[in-house]
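A short worksheet on the structure shown next.
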Amino acid sequence: MNGSVMERPMERLPDADTLDSQAASLLVRAASGLRRIAQFHADAPSVAFMTGLHAAPLHATFALHLDRDDAHQAMALIDEVVSDLPAPVTEESLAALWAEHTAIYHSGLYRTDPTETAWLGEDGHPPSGPVHDTRHSDRAVTNAESLPPADHLVSGLLQLAILLERGDILCATAAMDEHLLRWVPAFCSRVATRCREPFYAGVAILTNAHLDHLRDLLAASGGPARPTEDGTTDTRRRRWTEGRVPRTCGGDA
């Protein structure tokens, strides 16, 4: 991991033929992390959401332990912004974050469309197949009607969480390799380098760190190996975010 592993060893799943309750628990914690990250992307932060973060800082409550400099730095960025908010948190104090959420996810200001179709189309590479959509078969797990389109970042994170909760390592790996890891690192890199608010730089770096860590975790624990790294643009962007904070919040990539 280019020296990003810190003092504690990376959590590992047992081999596939010895998958047990401990491994299932690890998968559930990874899924919980994905669901929490999805909350940051889905909606502009509410007073209640930020009050909860103030009472329970992210670095102390994140479900899956990430022994990576980039993850620690990302959580520190988020927690610092939250700690600087007034007590009690007010709508007025969140106005800048609301505007930033609109700029990233809705207005096109930073060219950070949060969908697979937009990113792969931008690079000239069509999706390898239909986006894996588990919503209609999992209404007890997530409300399909409330989700964005299937190729949206939030849907992808929640769908991956469902696969992990099922213990379906092969399908989870395929969802990452064929979809999320083909565009989310580039999305996160652009958000981190173009945003004006450190809060969303932290969210972007944490998202990339969690996905990258999870893919390595599955590969090291009986799942399919990662595709050969060939120096593509997406690979370089992924490596850039490992162990580093953004060079700027407000400048071009």
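Bear in mind these aren't lab numbers, they're just calculated from the coordinates by the rules spelled out. The structure displayed is predicted, hence computed values, not measured ones. Glycine also receives a Cβ, built like all others from the backbone with ideal geometry; neighbour counts cover every protein chain displayed.
Things to note:
- Rounded to the nearest 0.05, the FRET efficiency derived from the C-beta distance between Arg226 and Gln22 at R0 = 22 Å is 0.40.
- Burial ordering of Ser32, Ser21, fewest other beta-carbon atoms within 10 Å first: Ser21, Ser32
- Interchain or long-range residues, amide H under 5 Å from Ser46's placed H: none
- Label point distance in nm, Arg111-Ala95, each placed 7 Å from Cα along Cα→Cβ: 3.1
- FRET efficiency estimate (nearest 0.05) - Cβ-Cβ, Val47 to Asp216, R0 25 angstrom: 0.10
- For the pair His65 and Ser32, label points projected 7 Å from Cα toward Cβ lie 1.4 nm apart.
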